[in-house]
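Here the structure comes first, spelled out in structure tokens, and everything after it is commentary.
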Amino acid sequence: MKRKLWLCCLVFGTLAACSKKDKDNAPSAAAKYLTQMTQETGGITTAYTLSYDDKKRLTAYVEKEEGVLTTERALTYDASGRLVKLKNDHPQEGTYEEYTFTYNAAGVPEKYVRKISDDDGLKTTINGTYTIANGKVTRITEKDTDPENPIEIYMDFTYAGNNVTKVAVSSDEAPTVVSSIELTHGGKKNPLRAGLQLNYALLSDLALEALSENETLTMELRIGNNVQLQSTTTYQYDAQGYPTSSEEHENGSNEVTKTTYQYK
């Protein structure tokens, strides 16, 4: 499921956010922290390694495909435990992103600045702002600072209990053309959640993957009215309800993604 969701976020072409109060998201004493996730699809193996600080907050997220580094993320927090910086590097592609997040006095996120670079230097800067209702981010608005590309992008979030069930993306140039990801969830553990100890999760992909309390069972990607991708995932669990392995089947295809999970 993880690779599929990352691909969906690339289709969206933007960083989004959603929220959860600390009291809901704080891990229990018995929480498990995902340290390694290994996926095999079509004979290709991809390994994800997660690292934490002494407060058990996610600080690094590294992806290697067949042993080659493809994505490296670094997360930095302030003294209050709020995510203030995210670096998202793709060395094989030569592209680099850096996000800086700003909060108000109450600790609620107000905006972020996203800088996109390549090996030749800074390419563009994008400003993001948040709309918050009932303690949750309901919309993200992104605007490029390039005067030749002044499009506004809107990301709208739908929730069911403690799960993110839909992210819909549109723009001011095409407000009726909406792309979306819809998810359904089970009743067991989300393997990625414990390490995301944030008042607000400020990432579209980690919001879809790690914020929800329960594991993802189905995913559907739509672009306009057209379904581009559907998948279903089945799991094996340990005694605490954490997934130990899974198989994701893409509808209409023979492709199967097999994943194993390791915790500490």
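The values are calculated or read from the model by the stated rules, or taken from the named source; none is laboratory data. This is a predicted model, so every value here is computed, not measured. Because the Cβ atoms are built from the backbone with ideal geometry, glycine has one as well, and the counts that use them run over all protein chains shown.
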Number of the condition not met by THR176 [criteria: (1) under 18 Å from the mean Cα position of the chain (by Cα); (2) at pLDDT below 85]: (1)
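Just need a number here: residues in the stretch 207-250 that are part of a loop (DSSP other than H, G, I, E, B) and surrounded by 13 or more Cβ atoms within 10 Å (Cβ to Cβ). Give the steps one after another, and end with the answer.
Here is the first cut: in the stretch 207-250, the residues part of a loop (DSSP other than H, G, I, E, B) are 212-215, 224-225, 238-242.
Restricting the remaining residues to those that are surrounded by 13 or more Cβ atoms within 10 Å (Cβ to Cβ) gives 212-215, 238, 241-242.
The qualifying residues number 7.
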So the check is Cβ under 6 Å with 6+ separation or different chains; which pairs have a first residue in the stretch 224-243 that's touching a residue at least 12 places away in the same chain (Cβ under 8 Å) and a second one that's loosely packed, with under 15 Cβ neighbours inside 10 Å and part of a loop (DSSP other than H, G, I, E, B)? GLY224/VAL177; GLN230/ASN251
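Looking only at the stretch 180-196, filter to residues that are closer than 21 Å to ILE132 by Cα and surrounded by fewer than 20 Cβ atoms within 10 Å (Cβ to Cβ); which one of those is modelled with the lowest pLDDT? Break it down into steps so the answer makes sense when it comes.
Filtering the stretch 180-196 down to residues closer than 21 Å to ILE132 by Cα leaves 180-182, 196.
From the residues that got through so far, the ones that are surrounded by fewer than 20 Cβ atoms within 10 Å (Cβ to Cβ) too are 180, 182.
Values: SER180: 91, GLU182: 94.
Among residues in the stretch 180-196 that are closer than 21 Å to ILE132 by Cα and surrounded by fewer than 20 Cβ atoms within 10 Å (Cβ to Cβ), the one modelled with the lowest pLDDT is SER180.
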Is it the case that the stretch 139-149 has a residue that's loosely packed, with under 13 Cβ neighbours inside 10 Å and farther than 23 Å from ILE116 by Cα? no
Residues being without any contact (Cβ under 8 Å) to a residue 24 or more places away in the chain and either assigned to a strand (DSSP E or B) or at positive phi (or both): count how many of those fall in the stretch 127-159. 14
